Each structure stands twice: as structure tokens, then as C-alpha cells.
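Each remark here refers to the structure printed beneath this line.
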Amino acid sequence: MAKFLLLSLSAPLAQGIGLRPDLKPQAARSGPQSAQSTDAASTTRTMSAQALQYFRGIENASAKSPLLLMTLKSNEVVSIGGDFRPSEEFESTGQEQRQQQGQASALPWGIGSPQAGSNAPVFQYSGMPTLDFPKSGIEYSLEAGGNLQSFSSARQDVKIITQVLENVTNGFFLDTNGGDGERPSNTLLLELTGWRGLITEPMMYTYAQLRWGKMRKSWIFLGCMSPHENATKIGFDWYGKIDENSGHRIHAYPINSFLAEMGGLTTVDFWNLNTGNYEAEVLNETLLYSGSNIEFGVVLISYDGRTAGLGDSRWVQSRSKSETTDLIWSIFQSAGFNYIGGLDAYLTTDTTPSYDYHDHVFVNPAYFTARNIPVPGSIKAAPPPRMAVSSNARNFQGFWDTWDEGLTPDQEVDKMVQYISNAKAAAAATESTPFAHRVDPSHTPAADASGYNPIPSYNPTRPPPMRVA
């Protein structure tokens with residue numbers, strides 16, 4: 001009981017420190033607390049010497065030197081309804097500490113990612129503070145270990161490579177809401193064969209797995225794509241589905257903003273599109289409006305309808321899956337894309353052999369024609385999972401026996417081996433690291449007459465300095 005009381009008494013002080021670093025005059029308000037606006041000093045207290053010593057000790061506490069819970073007296077606790085005001089001594093101490101650490105108004109030096117060298121300039125000065133550049137020299141940390149395999153839920157990656165992108169190597173992919181980057185992932189196999197890409201992920205814990213758990217060799221962004229031409233914030237529920245009423249709201253940008261941060265790319269060879277049920281809005285803005293200057297080759301899209309009660313924004317309004325399908329097909333048609341088939345097949349009933357697809361593949365004929373590559377006309381999916389129990393097992397057995405998935409497993413293995421060989425042959429012997437907010441060493445200016453060089457020579461052991469506009 002005593003411990004519970006001490007924790008309860010500590011809460012107001014801790015909350016005051018975190019939420020009210022300084023107390024500003026408040027607008028007049030009615031009710032029992034209205035007197036605070038005229039005489040704040042009468043309802044607020046500064047910290048005692050004992051409390052100040054306690055909170056100063058927090059920064060030095062550790063497992064070897066634990067911080068003992070202080071004993072507060074009743075007169076040291078702010079009364080209910082009052083605002084905590086830290087003392088001038090406490091505030092000045094915090095300012096001195098920040099100055100000693102060189103923090104000032106910026107983040108502490110070194111905050112970033114587990115990368116050789118410091119990339120703090122990217123995190124501190126980039127227009128997208130959570131856009132992180134590809135890792136070089138750091139091994140993958142995958143559940144699959146060093147095994148080269150399909151990482152998709154229904155072999156979508158193998159089907160895309162062997163039937164659609166077999167003549168496109170070392171391309172650039174865009175993976176929106178890419179999950180943890182491995183289980184499942186429609187882009188990891190591409191990356192392992194030499195592709196580069198951008199992966200967005202709006203869920204914080206999943207992003208942590210993707211970013212620091214898998215060590216993907218792609219640009220990684222904690223956020224999502226904007227449904228219009230401006231930067232905004234999008235809400236998501238626990239399962240990664242759009243919900244503007246959710247407390248979890250994350251930054252979103254249009255495609256042009258992302259590509260500008262990565263050096264001005266103008267081509268996305270493969271787009272794995274899954275944004276949590278506002279795919280149509282992102283697709284419309286990207287292909288027909290602000291992203292119409294970007295060349296897209298192949299789009300693999302999964303989508304669903306939306307229920308009511310997700311917020312007031314137009315991109316969360318109720319819409320059935322059938323209506324969403326019609327809208328998406330119309331957008332692709334307006335953008336000049338062809339539909340070539342579905343992937344990730346599933347049975348729609350357990351009584352008759354009927355099925356549908358979770359994913360759908362669209363190709364841009366102009367993309368393939370510009371590269372003198374035959375335009376893919378169809379794609380064959382892996383069969384749907386076999387159901388454990390069926391009321392008509394004989395019909396289902398014939399259904400699976402006659403399923404056409406395009407290539408046999410042995411043929412797919414042969415094609416993948418040849419694809420990787422082609423990718424290695426097409427790759428340059430030495431590949432420069434992508435630059436973002438950095439100076440390309442090939443354009444480093446020479447020193448002036450005094451010998452001063454405003455930009456240091458390139459050092460491969462650390463990121464180049466930030467590009468100055």
C-alpha cells in the first residue's frame with residue numbers, strides 16, 4: 001500500500017515535468033479553476049530541493065546504480081486541478097545540460113540507425129526525418145537465413161519475376177506498407193537479385209522489425225503515401241488498415257516528394273501497392289495527377305472495401321469492394337495500363353470450385369515498348385490452398401489437378417537461376433551508393449586559393465556531408 005501511495009504521489013510531478021516545461025498565461029475560463037488565470041502562483045508550486053535532487057538523479061540511474069523512490073510529503077504534491085510549474089533552478093539546470101551536450105534545439109548527436117558512421121545529418125535536416133537510406137556492408141538478418149526462396153504468401157514474387165519482369169534486372173521497386181520486410185514480402189526476392197527500392201511502413205513496431213530487424217538494402221520510411229498532392233497525416237488501426245479516428249496518425253507524402261529525396265528518380269519499375277484500403281485514392285493521385293510524370297512499369301495491387309465510421313476525410317468514406325474494383329480498373333484504364341491477371345488465389349466457397357484473387361497485376365505497355373521488351377499479356381497464379389475438408393472432394397481434386405500456374409516448379413527454378421545470372425552480368429562492376437542530402441564525390445569542389453575546401457574529401461567509411469542547396 002505504501003509503495004502504491006508513493007507511486008501515486010509521484011505521478012503529478014512526473015507528468016508536470018514532461019508536459020509543462022513552461023507555464024504560459026491561459027485564457028479565461030469558467031468553473032472552479034477559473035481563479036488560476038488571475039493568480040497562477042496561488043495554485044502552482046515549485047519543486048522542493050528533495051524532489052529536484054530526485055529528478056536530477058534519473059539521468060544517472062542504471063541497473064548498477066538504481067534510483068531509489070523518494071518519499072514525498074503531502075504538501076509537496078500539487079492539488080488536483082492545479083498546474084505544476086517547475087522552479088527557475090530546475091529549468092536553468094535543464095538548459096545548461098542541453099548546452100553541455102551540444103543539443104541546443106536539435107536532437108542529440110548520433111541519433112539515427114545502426115549504420116557504419118553517423119547519419120545524423122539525414123535525420124536532423126532532411127525534409128523527411130524518418131526516411132532512411134540503404135545499408136551497405138551490413139548483412140541481412142532474415143528468418144530464411146541465406147536461403148534464396150519465395151518470400152511471398154503465394155509465390156507472387158516468383159510469378160512476377162519469371163512471367164513479367166524476366167527481362168528487367170536491377171530495377172527500382174516501390175513497396176507501400178511493406179510489413180516487416182520478409183514474412184511475407186513481394187519485394188525481398190527482387191532486392192536479393194540486385195534491385196533497389198523504397199519501402200514505406202506506417203506501423204511503428206512493424207517498421208522497427210523492418211528497419212532494424214531485417215537490414216533490408218532499400219530506402220525505408222516510417223509513414224505512408226498521401227492520397228493527394230500534399231503532405232498530410234493518415235490514421236491507421238492496430239491491423240494497419242486506414243482509420244482516421246485512430247490515435248495512431250503517421251506522416252504521408254506523394255510519390256514526387258519521395259523520389260526527390262532519393263535523388264530525383266523518374267522510373268518505378270515495380271510497385272507493390274497495399275495501403276490499407278485507400279489504394280484507389282493513392283493510385284488516382286499517383287498515376288493521373290501529381291505523379292503522372294513518373295514512369296511505372298508493373299503494379300501489383302491488393303485492395304478491399306471500406307466500412308463506415310472511419311472519419312470525415314473523403315479517402316475513408318464507406319465504399320464496397322465492388323465499387324472499389326470498378327474505380328481502380330477505371331484509373332488503370334485512364335493511365336493506359338493493361339490487366340494481365342491475378343495472384344494469390346483463394347477459394348470463395350467450400351461447395352463448388354470457385355475462386356478469386358487477393359492481388360491483381362497491371363502492366364504499362366509504354367514501359368515495355370520503350371525498352372524493346374515484349375509486353376506481357378498474362379500471368380498465371382499458384383493454385384489456391386487446399387482446404388482440409390470439402391463437401392465435394394472429388395470435384396475439388398479435379399480442380400487442383402487441372403490448375404494451370406504457367407510454369408512447373410523446376411522451370412521456375414531454372415528461370416530464377418538465369419535471371420540472377422543476367423542481373424549480375426548487367427550490374428556495374430562498382431556501384432555508387434545512392435545519395436540523398438549528400439554531396440556526390442565526383443562533383444566535390446576544389447579548394448580555394450587559401451587551401452580551404454568547404455566540402456571535405458569523400459570518405460567511404462562515413463556518409464558524405466549534407467548537400468547544400
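The values are calculated or read from the model by the stated rules, or taken from the named source; none is laboratory data. Keep in mind that this is a model prediction, so the values were computed, not measured. Because the Cβ atoms are built from the backbone with ideal geometry, glycine has one as well, and the counts that use them run over all protein chains shown. These accessible areas exclude ligands, DNA and RNA; they are computed on the full protein's heavy atoms, side chains included. Shrake-Rupley method; radii C 1.70, N 1.55, O 1.52, S 1.80 Å.
The helices (runs of 4 or more DSSP H) found entirely in the range 352-469 that carry 1 or more residues being modelled with pLDDT under 95 are 393-401, 409-426.
A quick yes/no check of all residues on (1) in contact with a strand residue (DSSP E or B) (Cβ under 9 Å, 6 or more places away or on another chain); (2) closer than 24 Å to residue 379 by Cα; (3) open to solvent by less than 50 Å² (accessible area, probe 1.4 Å):
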| site | (1), (2), (3) |
| --- | --- |
| 283 | yes, yes, yes |
| 287 | yes, yes, yes |
| 312 | no, no, no |
| 316 | yes, no, yes |
| 334 | no, yes, no |
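Across the range 202-214, the qualifying residues are those that are touching a strand residue (DSSP E or B) at 6+ places or on another chain (Cβ under 7 Å) and not aliphatic (A, V, I, L, M), and the one among them that is modelled with the highest pLDDT is 202.
Among all positions in the range 291-302, there is at least one residue which is closer than 30 Å to residue 409 by Cβ and open to solvent by 20 Å² or more (accessible area, probe 1.4 Å). Do we find that residue 302 is out of contact with any helix residue (DSSP H, G or I) (no Cβ under 7 Å at 6 or more places or on another chain) and either among the acidic types (Asp, Glu) or modelled with pLDDT of 95 or more (or both) in this structure? Yes. When residue 140 is tested against the conditions (1) in contact with a Lys or Arg (Cβ under 8 Å, 6 or more places away or on another chain); (2) at pLDDT below 95; (3) under 18 Å from residue 258 (Cβ atoms), the lone failure is (3). Looking only at residues of the range 315-351 that are more than 23 Å from residue 278 (Cβ to Cβ) and not in a strand (DSSP E or B), we find that the one that is farthest from the chain's Cα centre (by Cα) is 351.
All conditions in (1) at pLDDT 95 or above; (2) surrounded by fewer than 18 Cβ atoms within 10 Å (Cβ to Cβ); (3) within 30 Å of residue 399 (Cα to Cα) hold for residue 346, with the sole exception of (1).
Go through the range 293-312 and count every residue that is over 19 Å from the mean Cα position of the chain (by Cα), under 18 Å from residue 329 (Cβ atoms) and either part of a helix (DSSP H, G or I) or not aliphatic (A, V, I, L, M) (or both).
4
Looking for something part of a helix (DSSP H, G or I) and open to solvent by 30 Å² or more (accessible area, probe 1.4 Å) - is there at least one such residue anywhere in the range 177-184? Within the range 177-184, not a single residue is part of a helix (DSSP H, G or I) and open to solvent by 30 Å² or more (accessible area, probe 1.4 Å). Just one of the listed residues (187, 200) is touching a residue at least 60 places away in the same chain (Cβ under 8 Å) and open to solvent by less than 10 Å² (accessible area, probe 1.4 Å), and it is 187.
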